[in-house]
Amino acid sequence: MRTLIRFLVLLIFALFSNLLYSQQELPVDVLGDLPLRDYDDFISGYTIANGNLYLFGGLIPGSSKDQAYDDIRTYNLQSGTWSTLSYKLPYEIHDGTASAAFFDNHFYLAPGLATGDVNGEGTHNKIIDVNLNNSSARGESVPFANSTRLWNVGKCLANGKVYFFGGWDGNPRSEIFEYNPADGTLNHVANMNVATNFVFAMPDNDGWIYYWGALHGETQSIERFHPTTYQVKDTGVKAPPVSPDLYWHISEENSIYFAEKGNNQAAILRYDYALSLVEPTGMVISGEFANRCLQDDMNPGIIFAFRRDTDSSKSLALCRISLDAGISGQPTLGYLHISSAILNAVELQPDDPMLMVKPNEAIGGQVWLKADNLHNATDTVPLAGTPGWDRHSTSYWGISPSLPYGFSEQNAGINLTAPADTGLYYIFFAFISEKSHSNVMSLTAWDYGSGDVWDDGFDVADWGENEARMALDSGFVMTPFLFPEGYQPRKIPATVIRVKVYNAEGMQAHTDPASNIGLTTATLNATVFPNNESTTVKFEYGTNSNNLDRALTASPNPVSAYITNLTPNTRYFYRLVVFASAVSHKCQVKEFTTGANAPYAKTESATRIAAGSAMLNGTVNPNGLETKKCKMQKNKSFKS
């Protein structure tokens, strides 16, 4: 019965979202007219950097459709003033450059349509480099292959490279190009599954770039590209409408919010690429916008968009639009994270805590939680924890009767017994402004008429892997919450510890000491007992124990990996990661220090030689080692 109730509530959420989500009109803050003319959505290049909005070229108001600027304009987000840079683009551009990639004080733009270019055919095919260091703008010497590239989107990633997707040269293109500003090389590294232009590409902290284009929205799915392996994958989720006017990329929520095209009013949808789903949010926005927008790098919930007049010959209006209300119009009123945890004498990884236990094994220890309470300072905000097994109404426990406003460290003692059956389980921690711990754990408002409602399929103890991933990524969970008016969506600040119960013969693994440690190389070792479970293994390593940013696949039986290109006399951290039963198990972090080059010392010729004195000279290079004492012994002769 409980499963049926849960299914019906989720079905209502999906089919009748307007009844459950209050239709929230997003406010539009008009900042003033844009010094550009709108034509078929074309406004040329744009980006935000250094607290300024940059516009590259664009159509001249009142001109024919292909008469363009070669100016670079800036809008200061703090003062609200426009200015024009003293240097210009290498040619007049009225369309095609799309978003500019910003890296190391350079803007990199794809080539675009110039004044005089007609019928979608361009005459330029080189990357434009706008260098803020020396106030210049030039075309790069390396051109794109296969004629002119139009409507390309480049995004600069953490590896310092720019990626260009698709384009138009009379027909849609499918190529993905990688540009390396360090050496000026431009390489064709992959192909999209669908040839398209107007590509929207957004890099995420999961290492992938998610993208779609004008032709994806017809029948195709959102795709993703990996800039290290050059893999291209279809997510299986249908792309948003053709060239959405407005979109927000909120990486902390694994989400892209976008406006569905409509007649002067658009519904805001949410694409969750971690869960591969598109869902309504209950938010709407009015007005018609050119299909380009800029996201504030410092506040991803804010975009700057270009609202058009019904007369396309007029200037566009620059607008600021905030997504502050968050998912489904619900404000974010706090976050919860694990700062450290020791259970069963094992120190868990705070970013992805996992405890492996045997059936019915005791689970005990301490968990330190970092709470950020953003409710009103006078609100009662209980914090509690619960296992995902045992009876929901009696197995939870209170951690704090009411959190203080702002940041606080909370200690949660754990005293539980693992389930009797093998499998993956969860211990969730959560808080929200309610009267009691039971309100929080049952997800029932304090003023609900019949009191706390348990076992309706929406207790915290009912949460599973989807909620666990959202909690670890975002510090909160979006969930149905029972109010007097019925179930409504609510953000619950939460975090989680996964508990893997395995039988005595189940898979076991641990990180072992490194061996063969040299100046720039080492062998990482580990032990894995798969015990009939299908497993794959890898090592993660780096110089920061909280950010193991490098990884490599390990060889089995025995588990080891030989790593190279290390820095001498440097401390490295590493751990084994095992994938088994669709779950990743991160083992204990260990460390080693690479060897140092031998110190170098050389006796030099004496100088300042006089009747009773001389300056003795030598050269010492400790090569990173601590130098405690140097002394001179006579092994060279000189005459005074």
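Summary table below
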item: Counted residues, the range 95-112 - those being open to solvent by 10 Å² or more (accessible area, probe 1.4 Å) and modelled with pLDDT under 70; result: 1
item: Residues satisfying the stated conditions in the range 396-415, i.e. under 21 Å from residue 364 (Cα atoms) and out of contact with any helix residue (DSSP H, G or I) (no Cβ under 7 Å at 6 or more places or on another chain); result: 397, 399, 400, 409, 410, 411, 412, 413, 414, 415
item: Residue selected from the range 154-188 under the condition modelled with pLDDT under 75 and of a type in the set (Gly, Ala, Ser), by the criterion most open to solvent (accessible area, probe 1.4 Å); result: 158
item: Qualifying residues in the range 510-560 (those that are acidic (Asp, Glu) and under 27 Å from residue 339 (Cβ atoms)) - the one most open to solvent (accessible area, probe 1.4 Å); result: 549
item: Top-ranked residue in the range 208-217 [being farther than 16 Å from residue 258 by Cβ and open to solvent by 10 Å² or more (accessible area, probe 1.4 Å); ranked as modelled with the highest pLDDT]; result: 208
item: Subset of the range 440-449 (residues that are within 28 Å of residue 353 (Cα to Cα) and either open to solvent by 10 Å² or more (accessible area, probe 1.4 Å) or in a loop (DSSP other than H, G, I, E, B) (or both)); result: 443
item: Enumerated strands (runs of 3 or more DSSP E) restricted to the range 458-557, each holding at least 1 residues that are without any contact (Cβ under 8 Å) to a residue 60 or more places away in the chain; result: 476-483, 508-515, 522-529, 535-542, 550-553
item: Total residues in the range 184-207, condition of a type in the set (S, T, N, Q) and under 24 Å from the mean Cα position of the chain (by Cα); result: 3
item: Members of the range 173-200 found to be in contact (Cβ under 8 Å) with a residue 60 or more places away in the chain and part of a strand (DSSP E or B), listed by number; result: 179
item: Which numbered condition residue 23 misses (of (1) more than 30 Å from residue 481 (Cβ to Cβ); (2) at pLDDT below 80); result: (1)
item: Selected residue (criterion: surrounded by the most Cβ atoms within 10 Å (Cβ to Cβ)) from residues of the range 46-88 that are assigned to a loop (DSSP other than H, G, I, E, B), over 32 Å from the mean Cα position of the chain (by Cα) and at pLDDT 75 or above; result: 71
item: Among (1) over 26 Å from residue 206 (Cβ atoms); (2) open to solvent by less than 70 Å² (accessible area, probe 1.4 Å) - the single one residue 563 does not satisfy; result: (1)
item: Test result for residue 358, among the charged types (D, E, K, R), out of contact with any Leu (no Cβ under 7 Å at 6 or more places or on another chain), farther than 30 Å from residue 266 by Cα and at pLDDT below 90; result: yes
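Here is a yes/no grid of residues against (1) assigned to a strand (DSSP E or B); (2) at positive phi; (3) at pLDDT below 65:
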position	(1), (2), (3)
292	yes, no, no
313	no, no, yes
328	no, yes, yes
338	yes, no, no
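The values are calculated or read from the model by the stated rules, or taken from the named source; none is laboratory data. All values derive from a computational prediction rather than experimental measurement. Counting neighbours? That spans all protein chains shown, and the Cβs are built from the backbone with ideal geometry, glycine included. Side chains are part of the model used for accessible areas, which takes the heavy atoms of the whole protein and leaves out ligands, DNA and RNA. Shrake-Rupley method; radii C 1.70, N 1.55, O 1.52, S 1.80 Å.
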